[in-house]
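Working notes for the structure below.
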Amino acid sequence: MSQTVDRTALPASPAPDVPDASPASPPSGPSGLRVWQRLPWGVRYFLGRLALVPVTLFALCTLAFGLVNLIPSNPAGVLLGDFATPEEIARVNAELGLDQSLWARYVEFLKALASGSLGESYFTGESVTAALGARAASTLELVVGAWIVALVLGTALGVAMAYWKSPVGRSSISTGVALIQAIPDFVLGILGSLVFFYFLGALPLPLGQLPMTAAPPSAITGAAFLDALLTGDWSTAGAAAQQMILPIAALGISGSVVFARVVYAAASEVFASSHTAFARARGLSEPTVVRLAVRASLLPAVAASGIVVGGLIGGSAVVEVVFNWQGLGQWGAEGALEADIPVLEGYIIAGAGLALLAYIVADMSMYWLDPRVRVKR
């Protein structure tokens, strides 16, 4: 016989934990941290890199000031000549502010930098900031062109060393890469001038951005080739392009060594991997296998681009002097010979800033090209 249970007599079961309908209290911790954690990983990755830029630039500016001002120099003596008297040198030092203490000059340097000024040249009176703007494009066109040459040539050499099964062929390419590494870029420029201008006559006189007979285009960026393109002066652009061949080749061949090394290491692993053997077993043609291996080996080259561009910016100084290019490098080299402190400071800051920009671009390119970097760690 079934029994009924009086449910009203049973003790009430405890109420389940139901979240309160009222708004939840804000989580502990600063609100800025909560906003930061809600941002997408890519945005945080990019902003984290950018946050280091001001600190790095400040360190670079301080380093530039220290390097230039701690090295013994005599700008007043260079400005006045060999027959200047001590009284005249003291007067010019006072006019230039060089009689002050190093700390006082550093404070004035930071104040001027905060206002966007890098001072004026001791010899020409030209604003350093204006001089940087007038010459930066001339150097950048050399650096960009040399980077393209270095990337193409270095990738070809690296893949060839990894693919070539013959020890003789691989050793020959490796010896050629070592030889390129041993020869300075300005020596390559001089040798190229001797061969292609003096002996073969295939290129015009490699002095300046334009031949002596060509009329310069309207100044827009300060670079003859870019200004000719922007103004539609195609004959002048062609003449300027011929003038660019030797300096770009000298810088690019010298910079290809880094790409050749990193691509060789990556391509050797790719050619020895199981998926390359599987691709060959499936009947893929050898050019297709090589093309896929090249694609897989380019990520290290992208990562090394920041280092290569930094080296190209530094190496462009002597190359510009050899070819009378009138860019940032030659301007900085002339400032060093004249002990022109504001020019030297401006050149170091500009070169280091461009190298820093190249590092950031290479880093962000790795983020977009390599899925492993996009995974939140």
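The values are calculated or read from the model by the stated rules, or taken from the named source; none is laboratory data. Please read all numbers here as calculations on a predicted model, not as lab measurements. Note: ideal-geometry Cβ built from the backbone for every residue, glycine included; neighbour counts use all protein chains shown. For accessibility, only protein heavy atoms count, side chains too; no ligands or nucleic acids. Shrake-Rupley method; radii C 1.70, N 1.55, O 1.52, S 1.80 Å.
So here's what we get for this one:
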{"item": "Answer residue from segment 225-272, given it is without any contact (Cβ under 8 Å) to a residue 24 or more places away in the chain and within 26 Å of the chain's Cα centre (by Cα) and is nearest to A304 (Cα to Cα) among those", "result": "A241"}
{"item": "Pair list, Cβ under 6 Å, 6 or more apart: segment 284-301 residue closer than 14 Å to R261 by Cα and without any contact (Cβ under 8 Å) to a residue 60 or more places away in the chain, other residue open to solvent by 40 Å² or more (accessible area, probe 1.4 Å) and hydrophobic (A, V, I, L, M, F, W, C)", "result": "P300/V262"}
{"item": "Subset tally (residues that are out of contact with any Leu (no Cβ under 6 Å at 6 or more places or on another chain) and within 26 Å of V92 (Cβ to Cβ)) for segment 123-139", "result": "8"}
{"item": "Single residue of V289, V270, V322 found to be touching a helix residue (DSSP H, G or I) at 6+ places or on another chain (Cβ under 8 Å), within 26 Å of G208 (Cβ to Cβ) and assigned to a helix (DSSP H, G or I)", "result": "V322"}
{"item": "Residue check for L110: surrounded by fewer than 17 Cβ atoms within 10 Å (Cβ to Cβ), of a type outside the set (F, W, Y) and closer than 13 Å to E345 by Cβ", "result": "yes"}
{"item": "Filtered residues of segment 315-331 (kept if under 13 Å from P184 (Cα atoms) and open to solvent by 10 Å² or more (accessible area, probe 1.4 Å))", "result": "G315, A317, V318, V322"}
{"item": "Segments classed as helices (runs of 4 or more DSSP H), wholly inside segment 1-112, with at least 1 members that are modelled with pLDDT under 75 and not hydroxyl-bearing (S, T, Y)", "result": "31-38, 41-70"}
{"item": "Search result, residues across segment 174-183 that are in contact (Cβ under 8 Å) with a residue 60 or more places away in the chain and open to solvent by 90 Å² or more (accessible area, probe 1.4 Å)", "result": "Q181"}
{"item": "Residue satisfying all of: in segment 126-143; in contact with an Asp or Glu (Cβ under 9 Å, 6 or more places away or on another chain), over 16 Å from N324 (Cα atoms) and of a type outside the set (G, A, S); most open to solvent (accessible area, probe 1.4 Å) among these", "result": "E126"}
{"item": "Any hit, segment 346-357, residues being over 26 Å from G208 (Cβ atoms), surrounded by 15 or more Cβ atoms within 10 Å (Cβ to Cβ) and without any contact (Cβ under 8 Å) to a residue 24 or more places away in the chain", "result": "no"}
{"item": "Where a residue in segment 146-173 is charged (D, E, K, R) and its partner, wherever it lies, is surrounded by 13 or more Cβ atoms within 10 Å (Cβ to Cβ), with Cβ under 7 Å and at least six apart", "result": "R170/M161; R170/W164"}
{"item": "Candidate set: segment 196-252, residues that are under 17 Å from G327 (Cα atoms), of a type in the set (V, I, T) and assigned to a helix (DSSP H, G or I); chosen: the one most open to solvent (accessible area, probe 1.4 Å)", "result": "I245"}
